[in-house]
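Q: Take a look at this one; I'll ask things after.
The values are calculated or read from the model by the stated rules, or taken from the named source; none is laboratory data. None of these values were measured; they are calculated from a predicted model. Positions of Cβ are backbone-derived with ideal geometry, glycine not excepted, and every protein chain shown enters the neighbour counts.
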Amino acid sequence: MNHKITTEQSSNYNNLEKMSVFELLTNMNAEDKTVPFAIEKAIPSIEKLVEVIYAKMSEGGRLFYIGAGTSGRLGVLDASECPPTYGVSDDWVIGLIAGGDSALRKAVENAEDDTNLAWADLLKYHITSKDVLIGIAASGTTPYVIGGLEKAKQHNIITGCIVCNEKSPVSLAADYPVELIVGPEFVTGSTRMKAGTAQKLALNMISTSVMIKLGRVKDNKMVNMQLSNKKLVNRGVLMLMEELHVDVGLASTLLEKHKSVQKVLDFYKNKPI
């Protein structure tokens, strides 16, 4: 074990098995409270990455995430939430995990150790220099991610990363590194905890900021969300009532006709209700 790697350093707590449930929860919570401060320090780096993603996607490019284990699952999660939240196509933000979709539920042996696998996965989506690739790796040492980033740079593809160690191999392979230094985990080396939380927060910030800048949000509302259940339909009706100053009946009728809050707003922007 390399103790120079922060994510592998020994926990600040000993004898966890002797703690009461309350002590376990309290101490984990105390550690979790430090995560937002690590994010705050990295905002300038996140800003640079968001700006370049926005520029590329404004020109028709896509955003790719690659990672293994927890990091890979978080990338897939963030990508999969963009279509229902912002009404974008499911091939605009793409999350890839070492070992393929089966690795979302069960670890695929040695998949993350293959330096060529990520590029092979990316080629299936015809990645080009119009796109942006973000590698996600808590340790910053995952061969799957390093190989993908290095190969992408050879093809003039802009790269970024989200890691939880300083000056890691993944950071060195990325054009726009984001380093979230959250310190040792409550359970030594269990990076699904603080490191995973930090990565999730950063991914939320990146994709949300990009989608807002791309016009997928109006004021503070998800006007492009997919109306996939009753709760979201009701939310859409309330949005229209507020924006168009109409009653629930007309708002419901408009939404049923146009199937999207944004489409209703666009269509009636210069028309009388």
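Q: Among the numbered criteria (1) buried (at least 19 other Cβ atoms within 10 Å of the Cβ); (2) more than 27 Å from residue 222 (Cβ to Cβ); (3) modelled with pLDDT of 95 or more, which one does residue 73 miss?
A: (2)
Q: State which residue is nearest to residue 161 (Cα to Cα) when the search covers only the range 80-95 and only residues that are hydrophobic (A, V, I, L, M, F, W, C) and in contact (Cβ under 8 Å) with a residue 60 or more places away in the chain. Steps first, please.
A: Here is the first cut: in the range 80-95, the residues hydrophobic (A, V, I, L, M, F, W, C) are 82, 88, 92-94.
Keeping just the survivors that are in contact (Cβ under 8 Å) with a residue 60 or more places away in the chain gives 82, 88, 93.
Numbers: 82: 19, 88: 23, 93: 15 Å.
Out of the qualifying residues, it is 93.
Q: Here are 31, 81, 8, 51: which of them is modelled with pLDDT of 95 or more, farther than 14 Å from residue 210 by Cα and out of contact with any Cys (no Cβ under 8 Å at 6 or more places or on another chain)? Explain how you work it out, then say what you get.
A: Values: 81 fails: farther than 14 Å from residue 210 by Cα; 8 fails: modelled with pLDDT of 95 or more; 51 fails: farther than 14 Å from residue 210 by Cα.
Residue meeting the stated conditions: 31.
Yes/no per residue for (1) assigned to a helix (DSSP H, G or I); (2) modelled with pLDDT of 95 or more; (3) assigned by TED's automatic domain parsing to the domain that holds residue 83:
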position	(1), (2), (3)
183	no, yes, yes
188	no, yes, yes
196	yes, yes, yes
199	yes, yes, yes
202	yes, yes, yes
228	no, no, no
256	yes, no, no
265	yes, no, no
273	no, no, no
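Q: Test residue 95 against the criterion of being surrounded by 20 or more Cβ atoms within 10 Å (Cβ to Cβ), of a type outside the set (S, T, N, Q), within 27 Å of residue 229 (Cα to Cα) and under 20 Å from the mean Cα position of the chain (by Cα), and give yes or no.
A: yes
Q: State yes or no: is residue 22 within 15 Å of the chain's Cα centre (by Cα), modelled with pLDDT of 95 or more, in the same structural domain as residue 118 (by TED's automatic domain parsing) and over 17 Å from residue 196 (Cβ atoms)?
A: The answer is no for residue 22.
Q: Would you mind finding the one in 190, 252 that is surrounded by fewer than 18 Cβ atoms within 10 Å (Cβ to Cβ), hydroxyl-bearing (Ser, Thr, Tyr) and closer than 26 Å to residue 137 by Cβ?
A: The match here is 190.
Q: While we're here: What is the number of the single condition among (1) surrounded by fewer than 16 Cβ atoms within 10 Å (Cβ to Cβ); (2) farther than 25 Å from residue 188 by Cβ; (3) in contact (Cβ under 8 Å) with a residue 12 or more places away in the chain that residue 124 does not meet?
A: Tallying (1) surrounded by fewer than 16 Cβ atoms within 10 Å (Cβ to Cβ); (2) farther than 25 Å from residue 188 by Cβ; (3) in contact (Cβ under 8 Å) with a residue 12 or more places away in the chain, residue 124 fails exactly one: (3).
Q: With the requirement that a residue be more than 15 Å from the chain's Cα centre (by Cα) and surrounded by fewer than 17 Cβ atoms within 10 Å (Cβ to Cβ), what does the range 80-90 give you?
A: Of everything in the range 80-90, just one residue is more than 15 Å from the chain's Cα centre (by Cα) and surrounded by fewer than 17 Cβ atoms within 10 Å (Cβ to Cβ), namely 89.
Q: Looking at (1) of a type in the set (Asp, Glu); (2) assigned by TED's automatic domain parsing to the domain that holds residue 50; (3) in contact with a helix residue (DSSP H, G or I) (Cβ under 7 Å, 6 or more places away or on another chain), find the lone condition where residue 166 falls short.
A: Among (1) of a type in the set (Asp, Glu); (2) assigned by TED's automatic domain parsing to the domain that holds residue 50; (3) in contact with a helix residue (DSSP H, G or I) (Cβ under 7 Å, 6 or more places away or on another chain), residue 166 violates only (3).
Q: Within the range 100-114, track down each residue that is under 11 Å from residue 73 (Cβ atoms) and either at pLDDT 90 or above or β-branched (Val, Ile, Thr) (or both).
A: Correct list: 101, 103, 104, 105.
Q: Next up: In the range 98-121, which residue that is more than 18 Å from residue 161 (Cα to Cα) and of a type in the set (Gly, Ala, Ser) is surrounded by the most Cβ atoms within 10 Å (Cβ to Cβ)?
A: In this case the residue turns out to be 99.
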